[in-house]
Amino acid sequence: MSTLQIDAQGRLRHLLTIADLRRDLLENILDTAESFLPEDGGNARKVPLLRGLTVFNLFFEDSTRTRTTFELAAKQLSADVINMDVAHSSRSKGEDDLDTLYTLQAMGADIFAIRHPENGASERFARHAAADVAIINAGDGSHAHPTQALLDVFTIRRHRPDFAALRVAIVGDVRHSRVAHSTIQALRMLGTRDIRLVGPRSFLPENAPFDDVTLHTDTATALAGADVVMGLRIQCERIVGDALAGVDDYHADYGLTPANLAHASPSALIMHPGPINRGVEITAEVAYGRQSVILEQVRNGIAVRMAVMAMIAGNRR
Ligand code: CP
């Protein structure tokens, strides 16, 4: 199979979406990420796989976790890394984002990690990138966030390797969440079929994205027996109007609180892509509690992003 992100030999060329990855390719990324983590649970080892290559972080939207872990991952792979300060770049003088791409390519960029508010922006960049340049989608609008999905399933796999047996509840602003869209695709690719999306009607998609994914407005029903509960931030930046009106009721009804989580499995993994908003979709007690793997997700993001960049670079050499 050949698509924009998969080359004629079936290898990773860019990473734009989970949607048309094959299961074996997705598992290969997870296995490669695993190989970067030492058995003592420490940080990923430094390796020379990207020596001589330059990675540009090109973020047209704010980020803490993704941008920083791409930087750390590239440095662990021995690449040179440039973090573009887009807010203070010549974008303010009217430069088109593709002209920014061409300009940075002329400086010798090999891999771009790109975050952009426009749905499909990473594919647009990939279509215009030079033949020897790779684009990695670091989140485009509400469309996709494939490396977040990969680190989510990587984190789940380390605790609950049987994806077919999993009951997963994704709670909150699913409609506007690129993380939800990509993570649902990754979970299904690995065999999970019991995926429950829960939130107020305005935060749920019009229709379930797959026949076997269920929509719920009642948290108790949706969380019943769940093995994984993933909270989502309200994406205020993608919502017209006051998205936080009635926030106390929202927190009571849909927040990851001890009361709501009492419906889930007592050993459920508590996940959140971050950033968290305390008192809105989660409490600090839950976010940093015994069942939470939220900070593991952050740390695993380094190994997963190393794996994606190492595979793309290896395929090009
Ligand atoms: N999860 C995530 O994308 O976080 P950042 O916005 O901090 O990168």
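Quick look at the numbers
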| item | result |
| --- | --- |
| Probe 1.4 Å, accessible area per residue of the range 93-145, Å² | 38 Å² |
| Three-way shape label, the range 146-297, alpha-carbon gyration tensor, a/c 1.5 | rounded |
| Most to least packed among 41-52, 164-175, 246-257 [average Cβ atoms within 10 Å] | 164-175, 246-257, 41-52 |
| Whole-number percent relative contact order across the range 146-297, with pairs defined as alpha carbons under 8 Å at least 6 apart | 24 percent |
| Accessible surface of the chain, 1.4 Å probe, proportion on carbon and sulfur as whole % | 50 percent |
| Euclidean distance between Cα centres, the range 17-68 to the range 242-299, Å | 26 Å |
| Probe 1.4 Å, protein heavy atoms only - accessible area per residue of the range 146-297 in square angstrom | 39 Å² |
| Estimated [θ] at 222 nm from DSSP helical runs (n ≥ 4, -39500 (n - 2.57)) normalised by residues in the chain, nearest 500 | -10500 deg cm²/dmol |
| Relative contact order, percent, the chain [alpha-carbon distance under 8 Å, six or more residues apart] | 20 percent |
| Protection proxy ranking of 71-79, 94-102, 122-130 - average other beta-carbon atoms within 10 Å, highest first | 71-79, 122-130, 94-102 |
| Rounded tilt (10° steps) of 178-189 against the dominant C-alpha axis of the chain | 90 degrees |
| Residue-wise HN-Hα coupling along the range 112-123, computed from phi with Karplus coefficients 6.51, -1.76, 1.60 (Hz; x: Gly, Pro) | 10, 9, 10, 10, 8, x, 8, 4, x, 4, 5, 5 |
| Residues with amide H under 5 Å from that of H143, placed H, sequence gap 5 or more | G120 |
| Tensor-based shape of the chain (alpha-carbon gyration tensor, a/c under 1.5 rounded, otherwise prolate or oblate) | prolate |
| Relative packing of 80-91, 294-305, which averages over residues the other C-beta atoms within 10 Å, highest first | 294-305, 80-91 |
| Acute angle (nearest 10 degrees) that the helix 65-76 long axis makes with the longest principal axis of the chain, alpha-carbon atoms | 40 degrees |
| Folded to 0 to 90 degrees: helix 97-106 orientation relative to the chain principal axis, Cα | 40 degrees |
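The values are calculated or read from the model by the stated rules, or taken from the named source; none is laboratory data. A quick note: this is a predicted structure, and the numbers were derived from the prediction, not measured. Quick reminder, even Gly has a Cβ in these numbers, built from the backbone with ideal geometry, and neighbours come from all protein chains shown. Accessible surface is based on the protein model in full, side chains and every heavy atom, while ligands, DNA and RNA are left aside. Shrake-Rupley method; radii C 1.70, N 1.55, O 1.52, S 1.80 Å.
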